[in-house]
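One structure below.
Values quoted throughout were computed directly from the atomic coordinates according to the rules given, and no laboratory measurement underlies them. All figures in this text were calculated on a predicted structure; none of them were measured in a lab. Methodologically, a virtual Cβ is constructed for each residue, glycine included, from the backbone with ideal geometry; neighbour enumeration extends over all protein chains shown.
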């Protein structure tokens, strides 16, 4: 598994980063006509999120909100006081349901009496998780035990529960739906909605042909690989296949588009980055398939394969996402016919090797798990 800093730097060197240094907290930076970059802190190993402002003649559009914590609100207030030229916020656009993206949507919408735009799948999922409608203890326990998590380790996953509602304030009771292929007007220009799946139920990226700019959210990041996981409320999801299949929608965009990601730096090299991400996941799939093959007819559970995908030390929070991502890789291998599922009398799903994974067409990256609360 590649772990060289030099290798990571070579991968980044294949991309171009034209926007310079990141803006300081409480400030904004122009990166394209009427499009501005700002950053908010996150209380995790991944310590920041990029947010975006698009200027209209009579106001502003906010794209993504930051996590629900007082520090984020304070930075927003500084921006409102110093950077908006006296114009109001007209809309709040949320790419997807994760707390760093939707956490302050309710506060911002109420603060400005502005509508929220979001996909239906992510709005309803956010409401369900925040209000405890999904991920009950029984459902979660059944899912974990069925995929090989030892009974004495299930409590690790229970500790993680409740973090979502801390990071996401009450959502607006109504919203305006983002639909794939339908335009959203911002800055006097049409932004096409591109819906991807796998990282979130219906992740919305925004593409402006007039500017050659893509607000990619978490769907395409320049340095890390977005967490793609299988969760208890959808235990047979093939999230990784859905995620990789979504790349076809981005292949249609120009290779020289300016990509505005939620983490890292704005970059040029969209098609190159898609190739890198595919190679990364193909390599991980190959490693897991080989490890399953070594188990012979006994097979392997998703829990067995977590150290193969993530050989480094994981804290309790990271274990939750590492397991979900490992299971996503197992399901992708099953869909592609590289492993076969066998469910024992104990109800545990074990996967048996069927055929090897072809090697990736290029050397993969060494992306880390993407920690999302």
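Here are a few things to note about the model shown:
- Most mobile of 258, 178, 12 in a GNM of the chain (Cα contacts under 10 Å): 12
- Extension gain, residue 45 back to residue 248 (0.36 nm per residue minus Cα-Cα distance, nm): 70.0 nm
- From most to least packed by mean Cβ count within 10 Å, the peptides 187-199, 322-334, 19-31, 95-107 give 95-107, 322-334, 187-199, 19-31.
- Cα-based equivalent ellipsoid of the range 107-258: semi-axis lengths in Å, sorted from largest, via gyration tensor: 32, 21, 12
- Antiparallel content of DSSP bridges confined to the chain, in %, to 5: 75 percent
- The mean of 1/r over all distinct Cα pairs in the range 16-269, once inverted, gives the Kirkwood hydrodynamic radius of 18.8 Å.
- Angle between the chain longest axis and helix 137-146 axis [Cα atoms, degrees, rounded to 10]: 50 degrees
- C-alpha long axis of helix 239-251 to longest principal axis of the chain, angle in °: 40 degrees
- Stokes-Einstein diffusion for the range 230-326, with the hydrodynamic radius set to the Kirkwood value over Cα pairs and evaluated at 37 °C in a medium of 0.692 mPa s, equals 209 µm²/s.
- Between residue 27 and residue 111, the C-beta separation translates, for a Förster distance of 25 Å, into a calculated FRET efficiency of about 0.85.
- Solvent-free Debye scattering, log10 I(q)/I(0), computed from the Cα coordinates of the range 15-139 at q = 0.11 Å⁻¹: -0.40
- FRET efficiency, residue 73 to residue 272 (Cβ-Cβ, R0 30 Å, nearest 0.05): 0.20
- Relative exposure of 231, 76, judged by other C-beta atoms within 10 Å (fewest first): 231, 76
- Rounded if a/c under 1.5, otherwise prolate or oblate - the range 58-98, Cα gyration tensor axes: oblate
- Among beta bridges that DSSP assigns inside the range 32-173, antiparallel share in %, nearest 5: 65 percent
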